[in-house]
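Visitor: Encoded as structure tokens, here's the structure I'll be asking about.
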Amino acid sequence: MMASSYSAKEEDGHHPGASGAGGAAANGRKPDNTAFKQQRLPAWQPILTAGTVLPAFFAIGLIFIPIGIGLYVTSNNIKEFEIDYTGTDTSSPCFSCYQNFSWNSTLPCKCSLPFSLDQPFESNVFMYYGLSNFYQNHRRYVKSRDDSHLNGNLYSLTHPSKECEPYAHRDNVPVAPCGAIANSMFNDTMELFFVHPNETRSQIPLKRKGIAWWTDKHVKFRNPGGNGDNLTAAFQGTTYPVNWHKPVYELDADPENNGFINEDFIVWMRTAALPTFRKLYRIIEKKSSMTPTLPSGNYTLEVTYNYPVHSFDGRKRMILSTISWMGGKNPFLGIAYITVGSVCFFLGVVLLLIHHKYGNRSSSPDIAS
Amino acid sequence: CTCAMCFTLICAGEENWVDSRTVYIGHKEPPPGAEAYIPQRFPDNRIVSSKYTFWNFVPKNLFEQFRRIANFYFLIIFLVQLIIDTPTSPITSGLPLFFVITVTAIKQGYEDWLRHKADNSINQCPVHIIQHGKVVRKQSRKLRVGDVVRVKEDETFPCDLILLSSSRDDGTCFVTTASLDGESSHKTYYAVQDTKAFNTEEEVDTLHATIECEQPQPDLYKFVGRINIYLDRDEPIARPLGSENLLLRGATLKNTECIYAVAIYTGMETKMALNYQSKSQKRSAVEKSMNAYLIVYLCILISKALINTVLKYVWQADPNRDEPWYNEKTETERQRHILIRAFTDFLAFMVLFNYIIPVSMYVTVEMQKFLGSYFITWDDEMFDEELGEGALVNTSDLNEELGQVEYVFTDKTGTLTENNMEFIECCVDGHVYVPHAICNGQIMPGAASMDMIDSSPGPGGREHEELFFRALCLCHTVQVKEEETVDGIKRGIHQGKATSVYISSSPDEVALVEGMKRLGFTYLRLKDSHMEIQNRDDEIERFELLEVLNFDSVRRRMSVIVKSSTGEYYLFCKGADSAVFPRVISGKVEQVRARVEHNAVEGLRTLCVAYKKLSPAEYEEVCHQLSSAKLALQDREKKLAEAYDSIERDFILLGATAVEDRLQDKAADTIESLHKAGMKVWVLTGDKMETAAATCYASKLFRRNTQILELTTKRTEEQNLHDVLFDLSRTVLRQHGSMTRETLSGLSNEYHDYGLIIDGATLSAVLKPSQEGSGGNYKEIFLEICRNCSAVLCCRMAPLQKAQIVKLIKASKEHPITLAIGDGANDVSMILEAHVGIGIMGKEGRQAARNSDYAIPKFKHLKKMLLVHGHYYYIRISELVQYFFYKNVCFIFPQFLYQFFCGFSQQPLYDTAYLTLYNISFTSLPILLYSLMEQHINMDILKRDPSLYRDIAKNSLLRWPIFIYWTFLGVFDAVVFFFGAFFLFDNTTFTSNGQMFGNWTFGTLVFTVLVFTVTLKLALDTHYWTWINHFVIWGSLLFYIIFSLLWGGIIWPFLNYQRMYYVFMQMLSSGPAWLSIILLVVVSLLPDVVKKVLCRALWPTTTERIQCKRQCLTTEQSTVFMLSQTSSSISF
């Protein structure tokens, strides 16, 4: 890659004559004659020249272009379906829910959206909800949590961190889970129905486990008093966040997925990097190798519309996507690789020309001036 | 009576002279009526060199450290973080600041502790004081002004003392001032005439006297005072006191059993303490550019914070953005006034972006300078076997300045030349005498020891000849060191006669006296004010030494007045030709002048000798003049000079001497290299023009084809200065114009160069601001001429003029970097004035070495110092500075971009640990090691090819275009990191299990790319990969990975957040993250590599060509080697 030359200069570092003759007058001032002190350590001295960089450029080009093509093809093979169910449009089934949202309403607003898939989704399908214009990365928001509280620390449970303000107490009762993140947990529920050609609907089973990081679920998040079964008692003396409808210990019936270790909750607690984001909601597992997970056809998405985005012009989406080894659909990486590879290749050619034209001149020894 | 009269007159004139002190010897009041006894308060004899005490260390040290603008800035940032709610914890800036402050405080505290220890040992050492006729032991610090002190041989004087009496009969004592100015020769000091009889404690105790003297002054060689001795009820006897009576603290008594002296300056008022006040701080050009960059970055920082603050409020104008339902403010926040909120936001942005000015850069630069300077002291090639000393670094602040020198001002004697004088010949009335081969101090009897080149002189000449030799034997200040005192080495008896060693502060004098010895006249000793000479007939002649008119650099001559055994008074004078010829009234002036000029052209140092006979009446007159001048308290110098001037006139010329001062080893080679490196070399000397010019030719400062331009008194006498200057400038400029045309056409690179010779008198005329304001004009013309001369010789320079020249060049409009090199006390002013001062540890004491920034044993070492060390230090530090700013732009700019996507909420992109450790540990060591080890070109090549030095001239690596390039590179890389990660993260899944990443993973991805890019960028810039570089570069990348794994691997018990838990591992488990890291690193590095390769191929600098050349050679060699290997294996 780079031209190199090892200059073995250790011999130069030792002048036997100097040390021998001066030995008699060897006072303390005489510097040691080591290669390091004389700055003559043996060293590799590479230089970046057109000639030496050329092969590297061609190599990068030759490696990057195939990788890029591979990535691009993989990305294109990924099936992805996205539907916006915010209901901004008057024609949308969720329009009324969008319009008439009120925190106080006890009756959940439901809407159902029909959609169709043109192509079958063969492998496991991952169901995401996506939010736009939602600033989960706002600093006031990001820090508004208490990790020791979420880790089941009993003291923190009743004494939530100052960072959680103004979502730490409700009428002087500590809030569990505290903080703005927990308070604003996404609480729309979505159900997916396959509409058979004969207009009958069958619900597609959605797996609600395995959507959070394993380490989060098992280490970072813990219910107070261990993951015991009596969660109600464990959360005694706390109240649920102001924007929730139910306490944290009623998030799920399954004790393995309830309280702080509820996976929906954990997923929400991992704040997104950008204001437009998606979060994993459910997994649709492939049942048999014979039939596709989601065959092509008509579907209905049943949404319990609890989550208001109207006030901040947000959008809500539901995304169905298959996943490859390189994650979801992302043509950018492949295109970037192809571009960089081609640029390198092109530069390689340019450098080759330059090297031929100027290479001899620059390395010619006529530098007496 | 007249004497007393004149004293009262002087006293009357001095009524208002407040700057004096009166010291009562032995604290005894003067007899009533003489003077009012006013006990004055003087400080005690405690020496305080320490800066701090135990109590004030912390506040004072902190105060001093925070006076540095950078530290203060970081303190402010830290305080802001403590006070307001900021995005990053105060630890991120507090910890590095604390580290820096603590390390500096510990270092300074330790140094101060050492000083305390040294002070204590000095302050507590015992001194002997006479009290009531008895010797009392006291601690040194309790010594008071007016105490009479007894000092024994080899003891050091505890304070500045006036010598009252000594155990030697003649009232003299010998002193070595080695620890003060490094001169190991013994100097003679004289007791006051009227007190030298007080030889026991009891006698001293009876002494009743006061001393009036000036308030303490730092000049070691100046002292004016007067002693009033009250012998009886009469008017006191007043005697002058001069520097020859003053024993300085720090000097050591030699060859004298014991002395009695009175303390006049104590403690911090001693001349030694006054001289230790620190020199002014010199700042290097690199440091200046660094400060300029800093201001640029401060502006960038402030504008970034301002932009973000403004945008934040524009963006937040919509209340649903400011406070959406999911992210409400607390009540206190809401109630805060908008201006306070805006200001707090501004400060928070400042804190978020403050890393763009890294505290660690200052630490790294300091460390680089401090550690790097060891390579100079360690350098084996700059070690001098003879002296047993290597180079010394007195300040490490100027290392890189050594690579920027444009003007070299060098002293001649002792610097270019050996300062090892050898008597070559003398000339009496035009007859030349040359002693035989060098015979080390061996006395050759009779006239056989000399060759007379000219015909033997006539009888009249004979008399002159004898006088000449006697004059040289008498007119000097040489001391004879008897054989038993010569450093413990027995020089022994030679040919039955005691040989003795001559010691003098001037090597010329020693050479002359030794030369006389070889010509048959041996100076034996000075005994009881009688100088003894052994003449050619082995007879001893005795002359009474009456007066010595000491040498000074203004008069440039010295005289003695002696009385021969026959009772005749003679005044002998020797001095520079220009100082003697105008004062000569008879003698063979023409012949001698011709010979002097001939010798001067040969490069010999010449002195002229003259005499005059004095009648007893004339002698009385002279005596009176001298003593009245010496007694003056005010303007004594001036009065003495006037007296000397009137005494030293109407001489009869005897002859001249020639002494050779050989060129130093490789002086010519060094000067040639400096020339090739594009430096202008100026020789500043006190010598006369011809001698200096000869040295210049010998040292290749002037070559045969150099056209010499003269700007001397000789020329300005013929023409007026104005015309001469314009003439010269026209010559030079015409040539200059044609030269540029030639270089443009590329036809010829051989050009005619100019050398300028200017002398001190003309120089002061040029520099003198003239009445009609054309003085500035002259200065400009002079500078214009100098600019076009490759070598300039300034002769007949006074020490202060040397500094003036340096100052003049420093202040000229290009502001070139100057270097002054010299070995003697007369060079100190220019060493202190120049940007870089280099002292040569020479024969004329160590004063120059002590006041210099760097000291080297020989002039030839300057070559390696500048061409190799200076060059390396410069490229190292410039890369260090540029790289530091670059890596912090890369670091902070993504955070700036991120604000646009997080609602300008000051959300940091990176975790606190990354923010803190980025500059401290992830990226600090590689650049530090680079800045210590880098060698872009082999040092042998640098030495062989001085023209490479031109490549870095004028601070070329720290110019604005290069700085802007680095900054833009940083911005580009930051944009690549951020938007690369942004597009990868944008609304997609990153993992193969469908799970999503959060903002901390995003930041970690950007940070990982960042750390790898900046480290690899440095790796691409490294030209010299030793195992240490490998270790540090790959080691710090490895350290980053291990740290990240560890940091995210555990739930840290004492942290209130666990945001990084498993973030790094999760990121590494994702394929696209790996791919994007590789991609982004490549993209970030690509433009720089392309730029480098293209510049090297299309517009190579000399440095780059040399690098390539070496490359080709080594590859060829290795091919040949491989071929021979294969052939040998085949044959085998």
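Visitor: Given region A:102-217, what strands (runs of 3 or more DSSP E) lie entirely inside it while holding 2 or more residues that are more than 11 Å from chain B (Cβ to nearest Cβ) and without any contact (Cβ under 8 Å) to a residue 40 or more places away in the chain?
Guide: So the answer is A:201-203.
Visitor: For residue A:48, indicate whether it is within 13 Å of chain B (Cβ to nearest Cβ), crowded, with 18+ Cβ neighbours inside 10 Å and in contact (Cβ under 8 Å) with a residue 60 or more places away in the chain.
Guide: Against the criterion (within 13 Å of chain B (Cβ to nearest Cβ), crowded, with 18+ Cβ neighbours inside 10 Å and in contact (Cβ under 8 Å) with a residue 60 or more places away in the chain), residue A:48 does not qualify.
Visitor: In contact with a helix residue (DSSP H, G or I) (Cβ under 9 Å, 6 or more places away or on another chain), more than 15 Å from residue B:911 (Cβ to Cβ), assigned to a helix (DSSP H, G or I) and among the polar types (S, T, N, Q), is that true of residue B:1076?
Guide: Yes; evaluated as a whole, the condition is true for this residue.
Visitor: Now a separate question. Name the residue that is surrounded by the fewest Cβ atoms within 10 Å (Cβ to Cβ), counting only residues in region B:965-1006 that are at the interface with chain A (Cβ under 7 Å from one of its Cβ atoms) and touching a helix residue (DSSP H, G or I) at 6+ places or on another chain (Cβ under 6 Å).
Guide: Residue satisfying both the conditions and the ranking: B:983.
Visitor: Being within 14 Å of another protein chain (Cβ to nearest Cβ), surrounded by 19 or more Cβ atoms within 10 Å (Cβ to Cβ) and in a helix (DSSP H, G or I) is true for just one of B:948, B:917, B:909, B:897. Which residue is that?
Guide: Criteria check complete, one pass: B:948.
Visitor: Checking the structure you have, find out if any residue of region A:96-108 is more than 20 Å from residue B:1000 (Cα to Cα) and within 27 Å of the chain's Cα centre (by Cα).
Guide: Within region A:96-108, none of the residues are more than 20 Å from residue B:1000 (Cα to Cα) and within 27 Å of the chain's Cα centre (by Cα).
Visitor: Report the residue count in region B:527-586 for those that are assigned to a helix (DSSP H, G or I) and surrounded by 15 or more Cβ atoms within 10 Å (Cβ to Cβ).
Guide: 6
Visitor: Working only within region B:810-827, note down all residues that are under 18 Å from residue B:847 (Cβ atoms) and among the β-branched types (Val, Ile, Thr).
Guide: Passing the criteria: only B:821.
Visitor: For region B:637-646, enumerate the residues that are farther than 11 Å from residue B:555 by Cβ and either of a type outside the set (Ser, Thr, Tyr) or in a strand (DSSP E or B) (or both). Talk me through it step by step, then tell me what you get.
Guide: First, pick out the residues of region B:637-646 that are farther than 11 Å from residue B:555 by Cβ: B:637-639, B:642-643, B:646.
Selection gives B:637, B:638, B:639, B:642, B:643.
Visitor: Exactly one of (1) crowded, with 22+ Cβ neighbours inside 10 Å; (2) within 12 Å of chain A (Cβ to nearest Cβ); (3) of a type in the set (Gly, Ala, Ser) is unmet by residue B:403. Its number?
Guide: Every listed condition holds for residue B:403 apart from (2).
Visitor: Further, regarding this structure: Against the definition (buried (at least 18 other Cβ atoms within 10 Å of the Cβ), touching a strand residue (DSSP E or B) at 6+ places or on another chain (Cβ under 8 Å) and closer than 19 Å to residue B:562 by Cα), how does residue B:659 come out, yes or no? First the steps, then the outcome.
Guide: Values: buried (at least 18 other Cβ atoms within 10 Å of the Cβ): yes; touching a strand residue (DSSP E or B) at 6+ places or on another chain (Cβ under 8 Å): yes; closer than 19 Å to residue B:562 by Cα: no.
Here the answer is no, as residue B:659 does not meet what is asked.
Visitor: Looking at (1) more than 7 Å from chain B (Cβ to nearest Cβ); (2) modelled with pLDDT of 90 or more, which one does residue A:310 not meet, given that it meets all the others?
Guide: If we test residue A:310 against (1) more than 7 Å from chain B (Cβ to nearest Cβ); (2) modelled with pLDDT of 90 or more, just (2) comes out false.
Visitor: Tell me the helices (runs of 4 or more DSSP H) entirely within region B:319-400 that contain at least 2 residues that are facing another protein chain (nearest Cβ under 9 Å) and without any contact (Cβ under 8 Å) to a residue 60 or more places away in the chain.
Guide: Of the helices (runs of 4 or more DSSP H) lying wholly inside region B:319-400, those with at least 2 residues that are facing another protein chain (nearest Cβ under 9 Å) and without any contact (Cβ under 8 Å) to a residue 60 or more places away in the chain span B:331-335, B:374-378.
Visitor: Tell me, please, whether a residue that is more than 14 Å from chain A (Cβ to nearest Cβ), among the β-branched types (Val, Ile, Thr) and without any contact (Cβ under 8 Å) to a residue 60 or more places away in the chain can be found in region B:262-270.
Guide: No, region B:262-270 contains no residue that is more than 14 Å from chain A (Cβ to nearest Cβ), among the β-branched types (Val, Ile, Thr) and without any contact (Cβ under 8 Å) to a residue 60 or more places away in the chain.
Visitor: If you don't mind, there's one more thing I want to ask. Just checking, does region B:1045-1052 include any residue being surrounded by fewer than 17 Cβ atoms within 10 Å (Cβ to Cβ), within 17 Å of residue B:915 (Cα to Cα) and more than 7 Å from chain A (Cβ to nearest Cβ)?
Guide: The answer is yes, given that some residue of region B:1045-1052 is surrounded by fewer than 17 Cβ atoms within 10 Å (Cβ to Cβ), within 17 Å of residue B:915 (Cα to Cα) and more than 7 Å from chain A (Cβ to nearest Cβ).
Visitor: Another question, then. Got a sec? Which of B:600, B:610 is assigned to a helix (DSSP H, G or I) and of a type outside the set (Asp, Glu)?
Guide: After ruling out the rest, the residue left standing is B:600.
Visitor: What number of residues within region A:248-260 are of a type in the set (Gly, Ala, Ser) and either within 20 Å of the chain's Cα centre (by Cα) or surrounded by fewer than 22 Cβ atoms within 10 Å (Cβ to Cβ) (or both)?
Guide: The total comes to 1.
Visitor: Let me ask something else. Give the residue that is nearest to residue A:209 (Cα to Cα), with candidates limited to residues of region B:1022-1036 that are within 9 Å of chain A (Cβ to nearest Cβ) and part of a helix (DSSP H, G or I).
Guide: In this case the residue turns out to be B:1030.
Visitor: Within region A:261-315, track down each residue that is under 17 Å from the mean Cα position of the chain (by Cα) and β-branched (Val, Ile, Thr).
Guide: A:266, A:267, A:271, A:276
Visitor: Can you name every residue in region B:609-641 that is in contact (Cβ under 8 Å) with a residue 12 or more places away in the chain and closer than 23 Å to residue B:586 by Cα?
Guide: Within region B:609-641, B:609, B:610, B:611, B:612, B:613, B:614, B:615, B:616, B:618, B:619, B:622 meet the criteria.
The values are calculated or read from the model by the stated rules, or taken from the named source; none is laboratory data. No experiment lies behind these values; they were computed from the predicted model shown. Note that each Cβ is placed from the backbone with ideal geometry, even for glycine, and that neighbours are counted across all protein chains shown.
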